[in-house]
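Novice: Structure below; questions to follow.
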Amino acid sequence: MSFSARVQATSRATDLQFEEGDKISVFASDTGYIEENNFAQNIRYTYDNDLFTTNFYLTYPSATQDLTFFAVYPYGNYTTPEFEFAVKKDQRSYDDYTSSDLMTASAVGNNAKVVDLLFSHRLAKLVINTSSEGMPAGEQKLVIKNAKYIAAADLSANSFNNVEGKYA
């Protein structure tokens, strides 16, 4: 089973497509929502040659029966469809920046074809343009105070809410 993946044009802060080596978490269910007995439970798929693939063998109920696939970027240790996602407080490195970009997708399909996942960003997007004109020499830092940086996600309900009391 493999997936093609697209990112909604206004979804990611700067990147508009996945890169080689990106990883996602995949769940598969025949009920339309994630529960305890899924056909796939947080399987890691890796982006390679324009597809997300894995070495995990997915057993289908039948060759043509559709399953509902839920995917999360970035890959994480999600044991249930309800989890907390924390944005990295320091995003100066590219890895910390992209691993703070929570996106999800869902699609219905079967193993007779590649399933297309359309990912959407699930957190607020804040883009700040700065100018070094008039700045003193040396490294400058931008600090955003009282920002909510942890989201409570529920994939089955497709809901993403801030966790009260957690501020940067």
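The values are calculated or read from the model by the stated rules, or taken from the named source; none is laboratory data. Small disclaimer: the values here were computed from a predicted structure and weren't measured. Please note: Cβ atoms are built from the backbone with ideal geometry, for glycine as well, and neighbour counts cover all protein chains shown. Remember, those area values only see protein heavy atoms, side chains included, never the ligands or the DNA or RNA. Shrake-Rupley method; radii C 1.70, N 1.55, O 1.52, S 1.80 Å.
Novice: For segment 123-143, indicate whether the set of residues that are part of a strand (DSSP E or B), farther than 30 Å from Pro61 by Cα and open to solvent by 40 Å² or more (accessible area, probe 1.4 Å) is non-empty.
Specialist: no
Novice: Restricting to segment 153-165, and then to whatever is in contact with a strand residue (DSSP E or B) (Cβ under 8 Å, 6 or more places away or on another chain) and open to solvent by 70 Å² or more (accessible area, probe 1.4 Å), can you tell me which residue is farthest from Ile34 (Cα to Cα)?
Specialist: Ranking the qualifying residues of segment 153-165, first place goes to Asn161.
Novice: Checking the structure you have, find out if any residue of segment 73-89 is more than 14 Å from the chain's Cα centre (by Cα) and farther than 26 Å from Ile43 by Cα.
Specialist: Checked segment 73-89: at least one residue is more than 14 Å from the chain's Cα centre (by Cα) and farther than 26 Å from Ile43 by Cα.
Novice: Quickly run through segment 1-46 and pick out the residues that are within 13 Å of the chain's Cα centre (by Cα), modelled with pLDDT of 85 or more and more than 23 Å from Leu67 (Cα to Cα).
Specialist: Listed by number, the residues that qualify are Phe18, Asp22.
Novice: Of everything in segment 42-91, what is within 23 Å of Asn158 (Cβ to Cβ), open to solvent by less than 40 Å² (accessible area, probe 1.4 Å), of a type in the set (Ser, Thr, Tyr) and assigned to a loop (DSSP other than H, G, I, E, B)? Give them in sequence order.
Specialist: Result: Tyr78, single match.
Novice: State which residue pairs qualify: first residue more than 16 Å from Asn38 (Cβ to Cβ) and inside segment 53-73, second residue of a type in the set (Val, Ile, Thr) in any location, beta carbons under 8 Å apart, and separation of 6 or more residues or different chains.
Specialist: So the pair list comes out as Thr53/Thr46; Tyr73/Ile24; Tyr73/Thr104.
Novice: Test Ile150 against the criterion of being surrounded by 15 or more Cβ atoms within 10 Å (Cβ to Cβ) and of a type in the set (A, V, I, L, M, F, W, C), and give yes or no.
Specialist: For Ile150, the condition - surrounded by 15 or more Cβ atoms within 10 Å (Cβ to Cβ) and of a type in the set (A, V, I, L, M, F, W, C) - is met.
Novice: Only one of these is more than 29 Å from Ser29 (Cβ to Cβ) and out of contact with any helix residue (DSSP H, G or I) (no Cβ under 7 Å at 6 or more places or on another chain): Tyr73, Tyr149. Name it.
Specialist: That would be Tyr149, the only listed residue that is more than 29 Å from Ser29 (Cβ to Cβ) and out of contact with any helix residue (DSSP H, G or I) (no Cβ under 7 Å at 6 or more places or on another chain).
Novice: Hey, can you tell me all the residues within segment 92-110 that are open to solvent by 80 Å² or more (accessible area, probe 1.4 Å) and farther than 16 Å from Phe70 by Cβ?
Specialist: Within segment 92-110, Arg92, Tyr94, Asp95 qualify.
Novice: Could you tell me whether segment 103-126 includes any residue that is at pLDDT 85 or above and in contact with a His (Cβ under 8 Å, 6 or more places away or on another chain)?
Specialist: Yes.
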